[in-house]
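The structure that follows is given in the form of structure tokens.
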Amino acid sequence: MSPFTFNTAKSIVFGDGVIARLGDIAAREAGRRVALVTDAGIMRSGLIERALAPLRAAGVEASVFDAVVADPPEDVVLAAVEAARDFGATGVIGLGGGSSMDVAKLVALLAGGGESLADIYGVGLARGPRLPLILVPTTSGTGSEVTPISIVTTGENEKKGVVSPAILPDVALLDPELTFGLPPHVTAATGIDAMVHAIEAYASASPNNNPLSRMLARQALQLLGRSLLAAVQDGADAAARGNMLLGAMLAGQAFANSPVAAVHALAYPIGGRYHVPHGLSNALVLPHVIRFNAPAAAPLYAEIAADLFPELAEVPEAARADAFAEALGGLAPACRLESRLRDVGIPQEALPTLAADAMRQTRLLVNNPRPLTEADALSIYRQAW
């Protein structure tokens, strides 16, 4: 067996209603003055009070930064860091989707140490120290609550990542009840995003692809596969919501250690240039990348196909990868999501620019099971258009 490293959050708390324990956990782990990083949607939904009430009850004072936006730019990150410093934060809580949690990670790091954001883009460049960090997801997709990754929009369109164990949280607190209010399209897009994390982790060409990640990826796919449509159709289905949240976390643990590849590399330019939500960006290119990768990864896809789609167990192994791609292509329509690039307003003449942008995602492309050129990327975009 090849050597590998596996890192994850120090503590994971899961269960219906566990948000009520946030105050006691924060007092123990993060001190009495916490910077709570979130977004305007969480404020409007009333979920913010679900977090603030137990903090007040435990005597923990919170300063709320609610200016996080999707695909957060550097200026939002730096504003959140400044707010935490001005408050004298002893710890940080991230409450929301992947963007809020990604910003919270960097707030904990930059407010708690002497590093500069411009100096830590890349793998392993952020060292810490950081402030104590608690992450509370309100969507079931990114797995950011257990990953050492934070994605930031730099300049007008490009995304860069900070990847380091230093930004893994001290506590990931997962309460399925916080996801009950998610609209169907957000449930669908974030759920497919989680599936992509597990699929790409399982087939990753990373030298750190390991038995733990593969085990977690398969468990994630089983949970997500049997619950996505149920959660989309009935947002208050407690069992489905719990399975989705746990599945997304397991997928996050998998790809945090066996990194994702071309699906994400091709999705990032779609989000960066056209502000398509990340999960939907992944869904738009997913089946086409799977078909491209099949000559190199068909046996791996055949192994996991029935985890996500149990009916594919009846398909002969030699044909299962193709059937897997076909089934993945049907997920977006089944969930009433857009399924073509043209459906989200991307013009055909933009495809060469997207392909050129995708090739800048070298951190991800190196993990793809089949080498991918700019011409290959353009071909995939054309198939997705």
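The values are calculated or read from the model by the stated rules, or taken from the named source; none is laboratory data. Just so it is clear, the model here is predicted, and its values are computed rather than measured. In this analysis, Cβ positions are derived from the backbone assuming ideal geometry, glycine residues included, and neighbour counts consider all displayed protein chains.
For the range 329-341, give me each residue that is part of a helix (DSSP H, G or I) and surrounded by 12 or more Cβ atoms within 10 Å (Cβ to Cβ).
Across the range 329-341, the qualifying residues are 329, 331, 332, 334, 341.
Limited to the range 342-358, what total is found for residues that are buried (at least 17 other Cβ atoms within 10 Å of the Cβ) and either closer than 18 Å to residue 158 by Cα or among the basic types (Lys, Arg) (or both)?
Our first condition is that a residue be buried (at least 17 other Cβ atoms within 10 Å of the Cβ); within the range 342-358, this holds for 344, 346, 350-351, 354-355, 357-358.
Among the residues that remain, those that are also either closer than 18 Å to residue 158 by Cα or among the basic types (Lys, Arg) (or both) are: 346, 350-351, 354-355, 357-358.
Summing the residues that are buried (at least 17 other Cβ atoms within 10 Å of the Cβ) and either closer than 18 Å to residue 158 by Cα or among the basic types (Lys, Arg) (or both) in the range 342-358 gives 7.
If you take just the helices (runs of 4 or more DSSP H) that sit entirely in the range 206-308, which of them hold at least 3 residues that are within 13 Å of the chain's Cα centre (by Cα)?
The qualifying helices (runs of 4 or more DSSP H) are 238-257, 262-274, 278-308.
Quickly run through the range 8-60 and pick out the residues that are among the polar types (S, T, N, Q) and either out of contact with any Pro (no Cβ under 9 Å at 6 or more places or on another chain) or buried (at least 17 other Cβ atoms within 10 Å of the Cβ) (or both).
8, 38, 45
Just to be sure I understand the filter: pairs with C-beta atoms under 7 Å, separated by 6 or more residues or on different chains, first member in the range 140-168 and in the same structural domain as residue 113 (by TED's automatic domain parsing) and closer than 14 Å to residue 77 by Cα, second member of a type in the set (Phe, Trp, Tyr) and buried (at least 21 other Cβ atoms within 10 Å of the Cβ). Which pairs pass?
159/268
What are the pairs with Cβ atoms under 6 angstrom where one residue, in the range 1-13, is closer than 12 Å to residue 135 by Cα and the other, located anywhere, is part of a loop (DSSP other than H, G, I, E, B) and not acidic (Asp, Glu)? Sequence gap at least six, or different chains.
These pairs meet every condition: 9/168; 9/169.
Of all residues in the range 172-184, which are in contact with a helix residue (DSSP H, G or I) (Cβ under 8 Å, 6 or more places away or on another chain) and not polar (S, T, N, Q)? Reasoning before the result, please.
Of the range 172-184, the ones in contact with a helix residue (DSSP H, G or I) (Cβ under 8 Å, 6 or more places away or on another chain) are 172-182, 184.
If the condition is that a residue be in contact with a helix residue (DSSP H, G or I) (Cβ under 8 Å, 6 or more places away or on another chain) and not polar (S, T, N, Q), then 172, 173, 174, 175, 176, 177, 178, 180, 181, 182, 184 are the ones that fit.
Give the residue that is surrounded by the fewest Cβ atoms within 10 Å (Cβ to Cβ), with candidates limited to residues of the range 187-210 that are over 13 Å from residue 245 (Cα atoms) and of a type in the set (A, V, I, L, M, F, W, C).
205
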